[in-house]
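Here is the structure we will look at, set down as structure tokens.
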Amino acid sequence: MRNVLCYIVILVFFTCNVYADDININIKEATTQNKIHYLYVAHHNLPIISLKLAFKKAGYAYDAFDKQGLAHFTSQILQEGSENNNALDFAKQLEGKGIDLKFYVDIDNFYISIKTLSENFEEALALLSDCLFNPVTDSEIFHRVIAEQSAHIKSLYASPKFIATTEINHAIFKGHPYSNKIYGTLNTINNINQEDVLLYIKNSFDKNQIAIGAAGDIDPTKLSDLLDKYILSKLPSGNNKNTIPDTTVNRKHSLLYVQKNVPQSVIMFATDTIPYNDKDYHTSNLFNNMLGGLSFNSILMIELRDKLGLTYHASSILDNMEHSNVLFGTITTDNTTVTKCISVLTDIIENIKTHGVNKDTFLSTKFSITNSFILSMLNNDNVANTLLDLQLRKLDTSYINKHNSLYEAITIEEVNKIAKKILSNDLVIIEVGKHNNINGEQLEAKQNILG
């Protein structure tokens, strides 16, 4: 325990000196022989390295309509090892060397995460290289992963929250690639073949679309050489031709309903919000945390749970994607109290638009955001992820160190102005539950989700 405390003190002192309004992290940029720039934070208190890579424009939004789920499916295939290293041996090598290697996707990008002891870092990159450039083509493994993803889709259909999320995305992004489903449907998954996976890897893992962040026991010269040797020298350039247009929330169908025989209804709402690169983004994020991002201390939880006992969960998030920006909210409640919850939500919105937000909530939320950010920077994984995010968001390296100052400078008047702007947009609302309390357009979710 004492060693852990010592490490935290050392880490704070050397890499995350905390002042009143800012922090000071020594972010550096390096360039490999393959002319790929990346960001890193080096400290040598523990012999651990966290490496994060992203391939831009390789997320599930870019899956073909009839092969939805391909990006995620490929991430699962890569987790199975390589042609030279079967899944069991691959897993044993990772475990034996204490290497944490993960592949995952979001709507825009494909991600790779490595965390390991610095002495095993080269072996970790060698294993990653083998996965990427000699992927599994064994038909038995391929069909097993298909079966696993199909079973996962079926299990998710039992979740009213998953149904609500899927159906509201389908509605607000109707006709746009952002309406794609991350896991696909039973039909689209079974349309995928081995050639699709190989073509996805060839076209999506493009050197021109890579972003890299690293933190920990790093020697930048050695790291650059290893990245070149195992990854960058083997990647093609210019294969990724993916493009999709910007979009906003489609409000053609603003009230939606899915019948599901569950005791607790799930209500979700969505509306447009402020883009990440807008000067008012941080104000909108502060407002979102006040509205529903602070769990028990948020406006939604105070009004719906503390005062009225109508819910055990109410939250909101900002989803700032590459081509759209949406504020989502979620409320779970008994089937008999859905109408009351919607009424209270409407009152909350009108009250904020008319009278603004509470000053105490404003101050406590600001305090929570700035202190949470400081604590998050004590973790190598979080630092590496943040360095990656800086590049994906096209932000300057000074952003981390001025992050808290940006929030400290926000006034309550600015929050009220942005809150009114966001909440003046009509909401798209979906209910999943026993009864259609909102008189929404009834959807056939089973066909849409399962295919």
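Are there helices (runs of 4 or more DSSP H) fully within segment 149-241 with at least 3 residues that are in contact with a strand residue (DSSP E or B) (Cβ under 9 Å, 6 or more places away or on another chain) and assigned by TED's automatic domain parsing to the domain that holds Q79? List them.
Ranges flagged: 160-172, 194-204, 220-230.
Do we find a residue being in contact with a helix residue (DSSP H, G or I) (Cβ under 6 Å, 6 or more places away or on another chain) and under 30 Å from K67 (Cα atoms) anywhere in segment 434-444? Checked segment 434-444: at least one residue is in contact with a helix residue (DSSP H, G or I) (Cβ under 6 Å, 6 or more places away or on another chain) and under 30 Å from K67 (Cα atoms). When segment 43-89 is filtered for residues that are at positive phi and within 21 Å of the chain's Cα centre (by Cα), the ones remaining, listed by number, are K57, G69.
Checked against the criterion of being closer than 30 Å to N26 by Cα and free of Cβ contacts under 8 Å to residues at least 60 places away in the same chain, the candidates N385, N371, N380 yield just one match: N371.
Looking across segment 400-450, the residues that are within 30 Å of G213 (Cβ to Cβ) and either acidic (D, E) or in contact with a His (Cβ under 9 Å, 6 or more places away or on another chain) (or both) come down to H403, L406, Y407, E408, A409, I410. Does segment 346-369 include one or more residues that are surrounded by 20 or more Cβ atoms within 10 Å (Cβ to Cβ) and of a type in the set (G, A, S)? No; the residues of segment 346-369 include none that is surrounded by 20 or more Cβ atoms within 10 Å (Cβ to Cβ) and of a type in the set (G, A, S). Every listed requirement among (1) in contact with a Lys or Arg (Cβ under 7 Å, 6 or more places away or on another chain); (2) exposed (fewer than 15 other Cβ atoms within 10 Å of the Cβ); (3) under 25 Å from R305 (Cβ atoms) is met by L423 save one, (2). Among the conditions (1) part of a helix (DSSP H, G or I); (2) within 30 Å of N191 (Cα to Cα), the only one that V432 does not satisfy is (1). The residues of segment 292-305 that are closer than 13 Å to N358 by Cβ and not hydrophobic (A, V, I, L, M, F, W, C), listed by number, are N297, S298, E303. Here the condition is being among the polar types (S, T, N, Q), surrounded by 17 or more Cβ atoms within 10 Å (Cβ to Cβ) and more than 30 Å from H44 (Cα to Cα); of T74, T137, it holds for T74 alone.
Only one of K402, K446, K394, K421 is outside any strand (DSSP E or B), on the phi > 0 side of the Ramachandran plot and either touching a residue at least 24 places away in the same chain (Cβ under 8 Å) or over 22 Å from the mean Cα position of the chain (by Cα) (or both); which? After ruling out the rest, the residue left standing is K394. Consider segment 405-418 and keep the residues that are of a type in the set (A, V, I, L, M, F, W, C) and part of a helix (DSSP H, G or I). The one that is nearest to I172 (Cα to Cα) is I418.
Among the residues making up segment 322-339, a single one is assigned to a loop (DSSP other than H, G, I, E, B) and among the acidic types (D, E): E322.
Pairs linking a residue in segment 71-83 that is touching a residue at least 60 places away in the same chain (Cβ under 8 Å) to a residue that is assigned to a loop (DSSP other than H, G, I, E, B) and aliphatic (A, V, I, L, M), with Cβ atoms under 6 Å and 6 or more positions apart or on different chains, are H72/I182; F73/I192; I77/V136; E80/V136. Screening segment 107-120 for residues that are over 21 Å from F205 (Cα atoms) and not β-branched (V, I, T) and picking the one that is surrounded by the fewest Cβ atoms within 10 Å (Cβ to Cβ) gives E119.
Does F173 fit the bill of being surrounded by fewer than 19 Cβ atoms within 10 Å (Cβ to Cβ) and among the aromatic types (F, W, Y)? The answer is no for F173.
In the list N401, N416, N425, N437, which residue meets the criterion of being under 22 Å from S316 (Cβ atoms) and at pLDDT below 95?
Testing whether each residue is under 22 Å from S316 (Cβ atoms) and at pLDDT below 95 leaves just N425.
Beta carbons closer than 8 Å, at least 6 apart along the sequence or on distinct chains, pair a first residue in segment 251-280 that is under 22 Å from K446 (Cα atoms) and of a type in the set (D, E, K, R) with a second that is surrounded by 16 or more Cβ atoms within 10 Å (Cβ to Cβ) and modelled with pLDDT under 95 for K260/A445.
Which residue, of I317, I374, I342, I369, is within 25 Å of K417 (Cβ to Cβ) and part of a helix (DSSP H, G or I)? Selected residue: I369, the only one of I317, I374, I342, I369 that is within 25 Å of K417 (Cβ to Cβ) and part of a helix (DSSP H, G or I).
Figure legend. Inter-residue proximity from segment 282-301: first residues touching a residue at least 40 places away in the same chain (Cβ under 8 Å), second residues of a type in the set (D, E) and in a helix (DSSP H, G or I), beta-carbon distance below 7 Å, spacing 6+ or different chains. Indicated pairs: T283/E414.
The values are calculated or read from the model by the stated rules, or taken from the named source; none is laboratory data. None of the values given here were measured: they were computed from a predicted structure. All Cβ positions, even for glycine, are placed from backbone atoms using ideal geometry, and neighbour counts span all protein chains on display.
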